[in-house]
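The values are calculated or read from the model by the stated rules, or taken from the named source; none is laboratory data. These numbers come from a predicted model, not from an experiment. Because the Cβ atoms are built from the backbone with ideal geometry, glycine has one as well, and the counts that use them run over all protein chains shown. These area figures cover heavy atoms from the full protein model, side chains too; ligands, DNA and RNA do not enter into them. Shrake-Rupley method; radii C 1.70, N 1.55, O 1.52, S 1.80 Å.
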Amino acid sequence: MCGRLSQYRGIHDFVAVLSIPDALLNHVGDAPLNRYNAAPTTSLAVLHQHEQRLYADNLRWGWRPHWAKDRAAPINARVEKVAHGAFFRAIWRHRLIVPVDNWFEWVDAGEKTRQPWLIRRADRAAIFCAAIGQFPTADAAARDDDGFVIITADSMGGMLDIHDRRPVVFDAQRAHEWLDPATPVERAEQMLLFEGEDSEVFTWHKVDKAVGNSRNQGARLIDEVA
């Protein structure tokens, strides 16, 4: 996963799919998010649960532990290592969902050019990316080093032609379970390894190379090009 995605629908549109009955504590606002070309280190809308309350917060994409200040903050974590490696140990139990409309990948197109592709669900439904992070809750105030990483797995099927890694994506039922603090960490790891959405759920198409500049925004960036 190269590190670029879109969040353009409103947070309530994402939350409605999850069917979580308790009231949402919404810190991102009610308007459409309109982030068509979100890059690492920017703040994105995320969902997390504390006790029985669902929170929507803006959180920086990227995180590193306090003892790793000599390296850039990763934006992704490999599913094969995230549950047992030392790097993400402090946040492994702090689960969240990054709801997105699509993500982008780049493919070599010859003559030193790269073609961007958009990947989304074939049914255009919300995409719930599994993630972990450090974030404020009712018991913990916001900190300067708050942030999150998206968990990635090997690509399968035709998606391999676009990129060899992709985010672990859950359907609404499993996203609900992933968010629930009562879900044991052993179960969470099994979900990551074996219960993410299959490649057949997704579709992809070429988009304009303007998406390569993160300062470019707008709906035209997700339109298919020949």
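All but one of (1) among the β-branched types (Val, Ile, Thr); (2) surrounded by fewer than 17 Cβ atoms within 10 Å (Cβ to Cβ); (3) under 15 Å from Val149 (Cα atoms); (4) in contact (Cβ under 8 Å) with a residue 60 or more places away in the chain hold for Val17; state the number of the condition that does not hold.
(3)
Taking the stretch 145-166 as the search range and keeping residues that are surrounded by fewer than 20 Cβ atoms within 10 Å (Cβ to Cβ) and within 17 Å of Ala45 (Cα to Cα), which one is modelled with the lowest pLDDT?
Of everything passing the filter in the stretch 145-166, Asp145 is modelled with the lowest pLDDT.
Taking into account only those residues within the stretch 93-122 that are within 18 Å of the chain's Cα centre (by Cα) and part of a loop (DSSP other than H, G, I, E, B), which is farthest from Trp61 (Cα to Cα)? Outline the logic, then answer.
Narrowing the stretch 93-122 to residues within 18 Å of the chain's Cα centre (by Cα): 93-106, 117-122.
Those left that are additionally part of a loop (DSSP other than H, G, I, E, B): 93-94, 101, 122.
Details: Arg93: 18, His94: 15, Asp101: 16, Ala122: 25 Å.
Residue satisfying both the conditions and the ranking: Ala122.
Among the listed residues Arg187, Arg220, which satisfies the condition of being charged (D, E, K, R), over 29 Å from Arg93 (Cβ atoms) and open to solvent by 20 Å² or more (accessible area, probe 1.4 Å)? Walk me through it before giving the result.
On the way: Arg187 fails: over 29 Å from Arg93 (Cβ atoms).
Matching residue, one of Arg187, Arg220: Arg220.
Any chance the stretch 81-92 includes a residue that's in a strand (DSSP E or B) and either in contact with a strand residue (DSSP E or B) (Cβ under 8 Å, 6 or more places away or on another chain) or crowded, with 23+ Cβ neighbours inside 10 Å (or both)?
no
State the number of residues belonging to the stretch 104-144 that are aliphatic (A, V, I, L, M), free of Cβ contacts under 8 Å to residues at least 24 places away in the same chain and closer than 26 Å to His176 by Cβ. Break it down into steps so the answer makes sense when it comes.
Kept after step one, since they are aliphatic (A, V, I, L, M), are these residues of the stretch 104-144: 107, 109, 118-119, 122, 125-127, 130-132, 138, 140-142.
Filter once more, keeping what is free of Cβ contacts under 8 Å to residues at least 24 places away in the same chain: 109, 140-142.
From what is left, the residues that are closer than 26 Å to His176 by Cβ are 140, 142.
Qualifying residue count for the region: 2.
This table checks each residue for (1) among the charged types (D, E, K, R); (2) within 18 Å of the chain's Cα centre (by Cα).
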site	(1), (2)
Phe135	no, yes
Arg165	yes, yes
Arg174	yes, yes
Glu177	yes, yes
Thr183	no, no
Gln190	no, no
Glu197	yes, yes
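Take the residues of the stretch 13-41 that are more than 17 Å from the chain's Cα centre (by Cα) and not aliphatic (A, V, I, L, M): which is nearest to Phe104 (Cα to Cα)? Working first, answer last.
The initial filter retains those residues of the stretch 13-41 that are more than 17 Å from the chain's Cα centre (by Cα), namely 16, 19-27, 29-32.
Still in the list and also not aliphatic (A, V, I, L, M): 19, 21-22, 26-27, 29-30, 32.
Details: Ser19: 28, Pro21: 32, Asp22: 33, Asn26: 27, His27: 26, Gly29: 25, Asp30: 25, Pro32: 20 Å.
Among residues in the stretch 13-41 that are more than 17 Å from the chain's Cα centre (by Cα) and not aliphatic (A, V, I, L, M), the one nearest to Phe104 (Cα to Cα) is Pro32.
What are the residue pairs meeting all of these: first residue in the stretch 25-40, first residue closer than 15 Å to Trp103 by Cβ and hydroxyl-bearing (Ser, Thr, Tyr), second residue open to solvent by less than 40 Å² (accessible area, probe 1.4 Å) and modelled with pLDDT of 95 or more, Cβ atoms under 6 Å, and 6 or more apart or on different chains?
Every condition considered, the pairs that remain are Tyr36/Ser6; Tyr36/Gly218; Tyr36/Leu221.
What residue, among those in the stretch 94-111 that are of a type in the set (A, V, I, L, M, F, W, C) and more than 30 Å from Tyr55 (Cβ to Cβ), is most open to solvent (accessible area, probe 1.4 Å)? Quick ask: steps written out before the conclusion?
Keep residues of the stretch 94-111 that are of a type in the set (A, V, I, L, M, F, W, C), which gives 96-98, 100, 103-104, 106-107, 109.
Among the residues that remain, those that are also more than 30 Å from Tyr55 (Cβ to Cβ) are: 106-107, 109.
Values: Trp106: 39, Val107: 36, Ala109: 61 Å².
Among those that are of a type in the set (A, V, I, L, M, F, W, C) and more than 30 Å from Tyr55 (Cβ to Cβ), it is Ala109.
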